[in-house]
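Visitor: I'd like to ask you about the structure that follows.
Every read-out reported here was derived from the displayed coordinates using simple, explicitly stated rules and does not represent laboratory data. Model, not experiment: these values are computed from the prediction. Every residue, glycine as well, gets a Cβ built from its backbone with ideal geometry; the counts of neighbours run over all protein chains shown.
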């Protein structure tokens, strides 16, 4: 049964075919055909991914070189796929959650025109294709190709409703912010090529394993890679695109936030764990940036009133947790949180889509309230998602967040303290969202109230599946303290990620930490219940205003980066180009004109003046010769 | 394979165009000629590959040498290596696309097509010449049609642009001529590229002649600060004119910088490399920032060309094999890409009668084909993997990074930083053109016609072929670049 790995190239090929069929045939296919093709190709990839997973589980890994993508001089960059434990896990998440999102989309987007429906599904397939390329790539260049592809697809999907100019702005912002990260990633690749001679994971990690990188090199490379990751995974300072990316259709948000795109940065660092473990400086920076992002985004989420914005900031915050884990060396915990987060964040986003669908496009939670009665499936699944993200045992989020908190604790109590505080904020704002949306009285218009209905089965079934996964998904990584041999995930990933070497914490401390976080989280939920179960509309004031306006970071970026750069471009264009360079060019033209006009005066046609000039010039020549001879 | 065919077919086509009786004949003859030339270029490409595969390691293949002016030792010496073959392929692609998009030219159709083919003829001759005098002759053949194309069929301030272009290019030519004569007299009277490459030209002579040749050819390829003919020239030219200017003409300069200046005068190249690096890094960033401010689609692509062509010069001046390969890849890539870009801009302009991005919007609704091509070419321009721009720029950067000192590193990072700025202006241009609400008066517009579609598809195929499978281009260029590198290394 070795052959699943041999034909693993089918996994990205299916979505690529889906993209081509739906993209080219969108005018000729019916909506149901488009939906079936679009979802079917992902299902096919998912089945293949399971097969690959089963093979990899038995310890088989495979690196396949297909052809030399670039070969210049001594450098050759193969088009290669690497199938191992880490990539196969990501394959499952991407195709599995991706499939559910596709199915959901077929129903959610049903009111679109057929042509746009086809365009939507082709983009969605291309998105999954790029992400698969990213995680399957056997070297950094193939990863980069997927990386850029993901950026492109997010651009296309965020700006999917292309008739609205502001959506286009959000799409541009996403792409450009990602581009800044990409630049750093690219430079890291050049650096690696210069040092190692190629970019294959195997060679690079072997090179690192033999300690051939100098400290400066390894710090430089890992920092640059990390900057790349901050772009894609929305960390400080490049996080502001993600909340704006809400402009896209809701299932797209689910895809971006849960299964693809934002997890790319985590994957990249987890993949490069051998390199990161060599640089303490980078690790500390990663941990601090991650934690700072987690906290910052959580405070912003407290005061947002757009249902998707709250979820978006919660994604930024959860990603911060993952980077904290990476920075403290708990790579497995980070990957674990990617997985559980994929379940509950996809669930929450699709749930919010169901709410928005029922509310006729309304996204402001202040106009909702009391929806639990009409939307019972959505409500219960949403509740599951909230419990999971808040981290109450035995829901999945508890286990992954616990692993992260524990590794922060091992590193330093300060990190732990801040991380725990952020986790409490998470519980608070998520349940604020839940209660404002689903409890109390309905605050929307009568028309909306009349229109309220539960979504069709094609939308609720994915919700239910994701809810089940959000409940049980954590059982693959039960900490050793609770169950001997419970941490199957670490064992599974151990060939790629060496087991975490921290100072082991005694089991009793671990129990204490778990109990502490669980009790405090429940307390936060109760606080949220009292505060928001009968929410009355109120305007934010004072510090709340600052939070509602996201700490004014967007305004700050505009002031200190965007505007000066625009001014600089304007200066180059209106002054340097028009005045200096063209001035010189035109000036030269004028000088030539002028001197030829003067020269023309010499040709007066009078023999006398000609003779006079001849004599004069002969005189000059003689005099010159006289002096030069000497 | 007889290389004379490469110039014979355009020549015959040009004559046939002059003899034809009506517009239909002119168009179809030109189209047939362009197809024949494209086929011939592909035949040449495969014949060249076969020769190389069969173990023919000669520096130039398919050589022929006919005395032209024995008294002055001027010979009609032809031959191609991988770089020339790549350039010939590029020129044929752009030629056929240019013929196709000009299908609706009403004014003096015959003369228009004649000049277009003459321009291409100059380029084809230039790329196969191994005698500097003949090479210079072909270079000049390509200048005059540009002047007329802009002056007669152009738009906007066309007289100013045509004059500016012709004078600046003539100025560049003058420098080249002086440089070539300098080589001629310091080498014992030879114009022959291969003979010259075997001579040991003294270092001090190289230091004098190199800047003449490099700057001379550099003017053709928008070497900063001699780039200002580019925006005005491109924007005033008719669509096919812009395509040829940016797609082919600018490549004549890049090719000359590499083949004549750098190859024959490696000591000169080493001496001036750092200056060229600074100038091209400035061109890359300056061009990118200047593009951000443009509101006219043609100016946008013209300034972005200044920026993109900078990568070629940067790659040459980095003097490493990888960077130099990247430089040639960038010439080919940019040639196809920019021709496509101008073609699309022309298609849009023909319909909306404006090139101001601010006046457009929502065109995706009425012209899905044209805007999709605009998307693809824009993505190529901003270096998206899978399209040609990425592999070319990436190769230049990787090669540049091989120089480990701080100066080269900073220059590389500065140049690479342009990919962010490029994304800004490309997305802005595409967004304002294709997305957003559409104006009522544009609702009736039609999508591309068959000839426009064919032209676009041919060029898109080009950028995809390089972007997805760059290895064929790498393999083609490898021996030729190695020869240049070993000359630089002094072997």
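Visitor: Evaluate peptide B:396-402: per residue, the Cβ atoms of other protein chains within 10 Å of its Cβ; return the mean as an integer.
Guide: The shielding value for this peptide is 5.
Visitor: I want to check the label-to-label distance for residue B:1 and residue A:216. Put each point 7 Å from Cα in the C-beta direction and report it in nm to one decimal.
Guide: 4.8
Visitor: Follow-up. Using only Cα atoms, locate the centre of segment A:223-279 and the centre of segment A:460-507, then give the distance between them in Å, rounded to an integer.
Guide: Result: 22 Å between the Cα centres.
Visitor: Determine the gain in length on full extension of the stretch residue A:483-residue A:111; use 0.36 nm per residue of separation and subtract their C-alpha separation, reporting nm with one decimal.
Guide: Contour length minus Cα-Cα distance gives 129.0 nm.
Visitor: Between residue A:606 and residue B:350, what is the label-to-label distance in nm when each label sits 7 Å out along the Cα-to-Cβ direction?
Guide: My value for the distance between the label points is 6.2 nm.
Visitor: Over all residues in B:136-147, what is the mean tally of Cβ atoms on other chains that come within 10 Å of each residue's Cβ?
Guide: Average per residue, whole number: 0.
Visitor: Okay, next question. What Kirkwood hydrodynamic radius, in Å, does chain A give when the mean of 1/r is taken over all pairs of distinct Cα atoms and then inverted?
Guide: In chain A this quantity evaluates to 26.6 Å.
Visitor: Right, something else. May I ask for the distance between the Cα centers of segment A:324-357 and segment A:68-132, given as a whole number of Å?
Guide: Computed from Cα coordinates, the inter-centre distance equals 18 Å.
Visitor: Can you give the Rg to Rh ratio of segment B:267-369, both from alpha-carbon atoms, with Rh computed by the Kirkwood formula?
Guide: Here Rg/Rh amounts to 1.11.
Visitor: Using a 10 Å cut-off around each Cβ, can you sort B:295, B:478, A:57 from fewest to most neighbouring Cβ atoms?
Guide: Sorted ascending by nearby Cβ count, the order is A:57, B:295, B:478.
Visitor: Another one. In Å, the Kirkwood hydrodynamic radius of segment A:1-159 over pairs of distinct alpha carbons?
Guide: 16.0
Visitor: Test of understanding: what is the full-extension gain from residue A:17 to residue A:515, defined as 0.36 nm times their sequence separation minus their Cα-Cα distance?
Guide: 174.3 nm
Visitor: Report, in cubic angstrom per residue, the convex hull volume of the C-alpha atoms of segment B:4-488.
Guide: In segment B:4-488, the Cα convex hull volume per residue is 124 Å³.
Visitor: If you take the beta carbon distance between residue B:159 and residue A:284 as r and set R0 to 60 Å, what does 1/(1 + (r/R0)^6) give as a FRET efficiency, to the nearest 0.05?
Guide: 0.40
Visitor: Something else now. Could you check how many percent of all C-alpha pairs in the protein assembly as shown are farther apart than 62 Å?
Guide: Summing the P(r) of the protein assembly as shown above 62 Å gives 15 percent of all pairs.
Visitor: Next question. Is there a simple number for the mean count of other chain Cβ atoms within 10 Å of the Cβ of residues in B:428-439, and what is it?
Guide: Partner-chain Cβ atoms within 10 Å, mean over residues of B:428-439: 4.
Visitor: Let me ask something additional. Hey, with R₀ at 51 Å, roughly what FRET efficiency would residue A:60 and residue B:446 work out to, going by the Cβ-Cβ distance, to 0.05?
Guide: E(calc), rounded to 0.05, equals 0.35.
Visitor: Where does each of B:44, A:91, B:313 land when they are ranked from fewest to most other beta-carbon atoms within 10 angstrom?
Guide: B:44, A:91, B:313
Visitor: May I ask you to sort A:317, A:595 by Cβ crowding, counting other Cβ atoms within 10 Å and putting the fewest first?
Guide: Fewest to most other Cβ atoms nearby, the residues stand as A:595, A:317.
Visitor: Using 7 Å Cα-to-Cβ label points, what is the residue B:482/residue A:383 separation (nm, one decimal)?
Guide: 7.3
Visitor: Please sort B:268-274, A:342-348 by packing, taking for each peptide the average over its residues of neighbouring beta carbons within 10 angstrom, highest first.
Guide: A:342-348, B:268-274
Visitor: While we're on this one: Peptides B:483-489, A:391-397, B:230-236: what's the order by average Cβ count within 10 Å, highest mean first?
Guide: By packing density, highest mean first, the sequence is B:230-236, A:391-397, B:483-489.
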